[in-house]
Structures are given as C-alpha cells and as structure tokens.
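These notes concern the structure reproduced below.
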Amino acid sequence: MGSITNLVGKSENPVSLYLVKADAFDGWLSDQSPETQNWVSAAGFKAKSGAALLLPDGDGNASTAVACHDDASDIWTWSAIAEKLPAADYQLQTNDVNADDLALGWALAAYRFDRYLKDEPTARAQLVWPASCNQTSVEASYSAIALTRDLVNTPAADMGPAELAASAKTLSDAHGGTYREVVGDDLLVENYPMIHAVGRASDQAPRLIDFVWGEESQPKVTLVGKGVCFDSGGLDLKSASGMEIMKKDMGGAATVLGLASMIMAAKLPIRLRVLIPAVENAVSSNAFRPGDILTSRKGLTVEIGNTDAEGRLVLADALADATDEDPDLLIDCATLTGAARVALGPELPAFFTDDEELADDLSAQSRAISDPFWRLPLWGNYRDMFDTRMADINNAGAGGFAGAITAALFLQYFTETARSWVHFDLYAWSKKARPGRPAGGEAQAIRALFAVLQKRFGA
Ligand code: BES
Ligand code: MN
Ligand code: ZN
C-alpha cells in the first residue's frame with residue numbers, strides 16, 4: 001500500500017516509447033519508414049490524446065511504441081497511455097515532456113484499493129524511470145495521493161475517529177512530529193464543545209487530532225480537515241441515497257493528511273500544524289438535536305437548524321483554535337456541502353478566500369499543473385441567512401440558496417482574525433472510473449496546494 005508498482009529501475013530489453021503531440025503526429029509519421037506508415041494506417045490509428053500503439057520492427061517484434069497527448073501537464077493522459085499499452089517494459093525516448101508528471105500519471109494507472117480483495121495484481125505496462133525524474137518527489141506525490149484515497153475508501157466500520165487518529169499519528173510519528181489527541185469528555189474540559197456535541201452519539205468517542213512538525217521559528221502553516229468518519233445526518237437523518245457514500249465525509253481530513261505527508265517528505269521549511277476534528281455524526285438518544293443551542297469554543301452561540309450541517313460545527317471549534325495561534329496561512333479542506341457539487345460538479349472543488357494574492361497563486365498553480373478548482377465568493381450579504389432570535393447564529397442558512405457560500409460564511413465567523421485563510425469545499429470522490437482514477441476516493445487539490453506552498457515557503 002502506498003508505493004509505486006509499475007515503474008522499474010532498469011530493463012533488459014525495453015520497448016522505446018515516443019510521446020508525440022496529437023497535432024504534430026502527421027509530421028512525426030512522415031519521418032518514419034514506409035512499413036511503419038503502413039502499419040499505423042492499417043491499425044486505423046487516430047492521433048488523439050491518450051491514444052497509444054505498438055509498432056513492429058523488421059522481425060515483427062514490438063520494439064517501439066508511440067502515444068499521443070494534447071496537454072502535457074494533464075497527468076491523466078499518461079495514466080490513459082499506461083493503461084492502453086500492453087504489459088511490457090517501456091523506455092521513454094522523448095525529452096520535451098515533464099518526466100515527473102509523466103511518471104506520476106503512469107504510476108497512478110496502477111493504483112488500486114485492494115484492502116478487501118484477494119486477487120493478484122495483473123501484469124501491466126512498466127515504465128523505466130526516466131533519468132531526468134526526481135524519483136523521490138514523484139514517490140512522495142504518489143504515496144500522498146494513495147494515502148488520501150485509501151483513507152477515504154476504507155469503510156467507516158474500519159475508519160472511525162479512532163482509526164483516523166491512528167493513521168494521523170502514524171504519519172506524524174514517521175516524520176518526527178509532535179502528536180496529541182483530545183478525546184471524548186476531555187473535549188469539554190479543553191473547550192471544544194461543538195466537536196463533542198456532534199460526535200457524542202457514536203460508540204467511538206469524538207476527538208481532536210492535533211500534530212505539529214517543523215521548526216518553531218519557521219513560517220506557520222496550519223491545515224484543518226473535516227473528519228466526519230460517517231455522516232448519517234444525525235437526527236435530521238439523510239435519505240438512503242444521500243447516505244450511500246458518506247464514509248467519504250472525512251475526505252477533508254484525508255486531503256490534509258495527504259498534503260501534510262508531501263510537505264513533510266519534502267522537508268518544506270515551515271512549521272506545520274494539522275488539526276482534524278474526527279467524529280461520527282450518529283443517531284442515538286444522546287445525539288445533539290435540532291433546536292439545541294451550542295456554545296462554541298469561540299463563545300458564539302449556535303442554534304442547530306439541522307444536525308446534518310455538522311461539518312461546519314466541528315470545523316468551527318478547530319478553526320477557532322487554529323486562528324488563536326495566528327498562523328501565516330490557514331487552509332481548511334472539507335466535504336462540506338452538497339451545494340458546492342450542485343454549483344461545480346464532482347471534479348471542481350470550490351475555494352473561498354478574501355486574500356486576493358493567495359487566490360491568484362492558487363488559480364495559477366491549479367492551471368499550471370492541471371489540478372483544477374474554482375473560486376466562489378465570500379458574499380457577505382448572505383450573512384442574514386444565519387439570523388436567529390435564540391442564539392448568535394443558526395448552523396443551517398435559511399432559504400436553501402447559495403449553500404456552499406453560506407457554509408463558507410459560517411466558517412468565516414471563526415477565522416475572523418486570521419491573517420490569511422482559504423476554505424476548500426471538495427468532493428474527494430470519483431463517481432465514474434477513469435484512467436488513473438478508479439471509482440472511489442480521490443485526492444483533489446493537494447498537488448496544486450503543495451505547489452503554492454513550495455513557491456511561497458520553499459528553500
Ligand atoms: N457531508 C455533507 C455534505 C455533502 C453531501 C458533501 C453530499 C458531498 C456530497 C454535509 O454534512 C451536509 O450534509 N450538508 C448539508 C447542509 C445543509 C443541511 C444545510 C447539505 O449540503 O445538504
Ligand atoms: Mn451532514
Ligand atoms: Zn457532512
């Protein structure tokens with residue numbers, strides 16, 4: 001689990017692999033032998049992104065392969081090619097693509113979540129590590145993505161708050177972090193009342209996962225991830241279809257753990273803190289109820305309009321804690337609203353920030369490395385949707401419009417004094433399988449976020 005299986009150090013007799021831009025293919029072909037030209041035509045080969053073809057030599061052996069791409073920064077093209085080519089060893093003959101992107105996309109073609117399967121892995125196309133690769137960095141990216149996906153894919157029965165915490169501790173320990181956990185009634189003692197309220201109905205105690213890594217003197221970056229290990233909706237129970245994939249409601253936590261693993265593996269010169277409220281939103285006689293009024297860590301009172309708007313509650317206490325430490329940059333990731341998916345669909349996480357420079361950096365990196373997400377506004381005029389006479393705010397905005405924005409505005413109450421804060425509302429899931437992205441958990445935004453952090457804080 002977590003390591004690359006389809007790249008090899010060296011090979012006796014590899015197939016030479018040529019990568020050609022689809023719109024330059026005709027030119028490439030015209031330089032090949034008449035036999036090759038005949039073969040390409042007989043195979044009915046269409047030069048489009050992701051297409052790949054083996055080419056025979058004079059003895060009929062497959063000695064060469066050609067594959068096409070449009071956008072070399074789109075790593076999923078390389079996954080498609082790796083899936084398409086038959087099992088053999090391939091050696092790259094092309095220097096004008098980013099070898100790290102190629103290797104990562106190729107590696108992800110072999111990612112499987114196989115914890116509950118007995119099947120032996122099938123033979124695959126194997127790539128000889130290109131000489132220009134930064135192998136360590138590709139391996140770190142791969143294992144970060146695999147970690148995020150594995151955590152999301154693991155069913156809630158085996159990935160409750162305690163198991164999520166154990167995974168976070170393993171990661172922290174592996175890199176020499178300092179780990180603590182505030183569990184169960186200690187959440188009340190240490191003033192995380194909303195994490196306790198949301199999680200107390202579950203057999204597995206709610207907890208706050210909190211680890212720090214790096215030199216205290218370095219710039220402080222704090223990551224907060226929504227760790228709702230299963231979201232039944234609480235007493236305002238979800239429908240069957242609404243609940244079906246709610247094991248993924250710790251996708252924000254899985255995302256920040258993946259990102260943290262990249263940061264720590266690269267030894268970025270920052271002081272990292274990771275905060276994960278880990279709970280199950282369960283139903284029981286001691287569950288929090290609609291109409292309950294909670295006093296948050298920050299002191300704001302919150303009336304519960306709907307127990308299914310639980311993510312913002314647990315995040316609020318964690319974000320208030322994070323903000324108190326006054327980090328240079330505060331990032332939260334959460335599978336927070338269905339409304340964000342209605343607005344942008346499954347592929348595009350929404351992000352919210354008032355820091356224009358950060359927004360520009362994020363959008364630029366997102367485009368440059370094809371790790372897409374899209375900005376939505378913190379539209380302050382909608383704050384009146386939280387109005388209630390009984391408490392400072394209500395947790396479920398009235399009216400039902402702009403649900404992703406109002407959820408972000410709710411979080412903003414708890415990050416008011418933060419220097420720079422960005423909130424990601426993401427899906428963490430692929431509904432349909434595509435090359436490199438099997439159906440199930442997905443690591444969204446972590447490559448672009450890492451690129452932004454590297455650009456800002458890298459040595
Ligand atoms: N975890 C869900 C949001 C979610 C649902 C994300 C489906 C991705 C797919 C969250 O806790 C939730 O239930 N949100 C409600 C909020 C509402 C009750 C104000 C929602 O979005 O419907
Ligand atoms: Mn919910
Ligand atoms: Zn939820």
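Over segment 387-459, calculate the relative contact order: mean separation of alpha carbon pairs under 8 Å at least 6 apart, over the residue count, as a percent.
15 percent.
For a paramagnetic label modelled at 7 Å from the Cα of Asp59 toward its Cβ, which residues of segment 86-107 fall within the zone defined by backbone nitrogen distances under 19 Å?
Zone members listed by number: 88-91.
Among DSSP bridges having both ends in the chain, what percentage is antiparallel? Round to the nearest 5.
45 percent
Given the peptides 186-196, 220-230, 363-373, arrange them by the average over their residues of other C-beta atoms within 10 Å, most packed first.
Per-residue mean Cβ counts within 10 Å order the peptides as 220-230, 186-196, 363-373.
Placing unit charges on C-beta atoms (Lys and Arg positive, Asp and Glu negative, everything else neutral), compute the dipole magnitude of the chain about its Cα centre in debye, rounded to 20.
Computed about the Cα centre, the dipole is about 540 debye.
Between segment 135-166 and segment 17-72, how many Å separate their Cα centres?
A separation of 38 Å, based on Cα centres.
Taking the dipole about the Cα centre of the chain, with the C-beta of Lys and Arg at +1 and of Asp and Glu at -1, give me whichever of Ser284, Leu147, Gly305 is farthest to the positive side.
Ser284
For Cα pairs less than 8 Å apart in space and 6+ apart in sequence, what is the mean separation divided by the residue count of segment 7-132, i.e. the relative contact order in percent?
For segment 7-132, the relative contact order is 33 percent.
Let me check I've understood the local charge: for Ala254, count other residues with C-beta under 13 angstrom from its C-beta, Lys and Arg +1, Asp and Glu -1. What total comes out?
0
What's the long-distance tail for the chain, i.e. % of Cα pairs beyond 30 Å?
Taking all Cα-Cα pairs of the chain, the fraction more than 30 Å apart is 46 percent.
From Cα pairs below 8 angstrom and at least 6 apart in sequence, can you work out the relative contact order of the chain, rounded to a whole percent?
Relative contact order, the chain: 16 percent.
Which three extents, in angstrom, do the Cα atoms of segment 58-176 have along their principal axes, listed largest first?
Principal axes ranked by extent give 60, 32, 24 Å for the Cα atoms.
May I ask you to work out the translational diffusion coefficient for segment 7-132 at 4 °C, viscosity 1.567 mPa s, via Stokes-Einstein with Rh from the Kirkwood sum over Cα pairs, reported in whole µm²/s?
Once the numbers are plugged in, D ends up at 85 µm²/s.
Under 19 Å from a point placed 7 Å out from the Cα of Ala359 along the Cα-to-Cβ direction: which residues of segment 418-440 have their backbone N that close?
418-426
I'd like the distance between the alpha-carbon centres of segment 231-278 and segment 188-217, rounded to an integer number of Å.
Their Cα centres are 14 Å away from one another.
So, by mean Cβ neighbours within 10 angstrom, what's the order for 121-131, 255-265 with the highest one leading?
255-265, 121-131
Quick note: the coordinates plus some simple rules give every number you see, no bench work behind them. These numbers come from a predicted model, not from an experiment. Cβ: placed from backbone, ideal geometry, glycine included. Neighbour counts: every protein chain shown.
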